[in-house]
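For reference, the structure discussed in these notes is given below.
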Amino acid sequence: MINLQKTINPIYLPLLQNKDKILLFQGGSGTGKSFFCAQKIILRVLSEKPPFNYYVFRKWKIQIKNSVYSEIKNVIDYWNLHEYFQINKSTHSFECINGNKIISLGLDDSEKIKSLSNVGSIFVEEITELNNEELDQLILRMRGNGSYLQLMAAFNPISKRNFIFERFFNKETAEPLNLPDTTIIQTTYK
């Protein structure tokens, strides 16, 4: 049994229950945002009724191995869940013994995502590498099985010219906008 109180950073623990359509994590290196997102992904895949697919993205597929894939594998190791997951090293994907999957993809060719099916939820690492149209397409793809649909994304502090800032933050105060069905958490290494 996983002790969530002891193994999840207390600042993120309440976000396990967050079911907003958009859940954004802004923070610098060492904030644990990507590790927590991997923890939430694992818990969803273990608990959702099959078939449930959790898609994880980076802008370029070549970056997945050393980021998203590595973090999810680290959580499986940390929680000693090897008996529950089959890891496909060549596709950087995971299959749970309940039939649910974590599928890793790059957005090198964003036209490819238009044919995706049964997208239960999505995680995007370094969402600031994408553009507004790619984000819109990912949100449109979420229409699969699952108790709720959610796009989670992590990113470092950004320029005011980045589309994420323009879409989710107040231009004058740099504070997150109060958008419906959206949660934005900002953390530091402290």
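The values are calculated or read from the model by the stated rules, or taken from the named source; none is laboratory data. Source: prediction; values computed, not measured. Positions of Cβ are backbone-derived with ideal geometry, glycine not excepted, and every protein chain shown enters the neighbour counts. Only protein heavy atoms, including side chains, enter the accessible area calculation; ligands, DNA and RNA are left aside. Shrake-Rupley method; radii C 1.70, N 1.55, O 1.52, S 1.80 Å.
Tabulated data for the structure shown
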| read-out | value |
| --- | --- |
| Flag for SER67 being surrounded by 13 or more Cβ atoms within 10 Å (Cβ to Cβ), touching a strand residue (DSSP E or B) at 6+ places or on another chain (Cβ under 6 Å) and at pLDDT below 95 | yes |
| Breaking point among (1) among the charged types (D, E, K, R); (2) closer than 15 Å to ILE103 by Cα; (3) over 16 Å from the mean Cα position of the chain (by Cα), for ARG44 | (3) |
| Some residue of region 74-88 being under 15 Å from the mean Cα position of the chain (by Cα), touching a residue at least 24 places away in the same chain (Cβ under 8 Å) and open to solvent by less than 40 Å² (accessible area, probe 1.4 Å) | yes |
| Selection status of PHE35, over 25 Å from ILE158 (Cα atoms) and under 18 Å from the mean Cα position of the chain (by Cα) | no |
| Any pair with Cβ under 6 angstrom, 6 or more apart, that starts in region 8-35 at a residue that is β-branched (Val, Ile, Thr) and ends at one that is open to solvent by 30 Å² or more (accessible area, probe 1.4 Å) and assigned to a loop (DSSP other than H, G, I, E, B) | THR31/TYR189 |
| Residue in region 55-64 that is surrounded by the most Cβ atoms within 10 Å (Cβ to Cβ), counting only those that are assigned to a helix (DSSP H, G or I) and of a type outside the set (D, E, K, R) | GLN63 |
| Selected residue (only one of PHE36, PHE25, PHE85 is over 30 Å from ASN131 (Cβ atoms), modelled with pLDDT of 95 or more and touching a Phe, Trp or Tyr at 6+ places or on another chain (Cβ under 8 Å)) | PHE85 |
| Hits in region 1-54 (condition: aromatic (Phe, Trp, Tyr), assigned to a helix (DSSP H, G or I) and open to solvent by less than 10 Å² (accessible area, probe 1.4 Å)) | PHE36 |
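To keep it simple, each residue is scored yes or no on (1) in contact with a Ser or Thr (Cβ under 8 Å, 6 or more places away or on another chain); (2) modelled with pLDDT of 95 or more; (3) of a type in the set (A, V, I, L, M, F, W, C).
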position	(1), (2), (3)
ILE97	no, yes, yes
ILE102	yes, yes, yes
GLY106	no, no, no
ASP109	no, no, no
ASN118	no, no, no
VAL124	no, yes, yes
ASN131	no, no, no
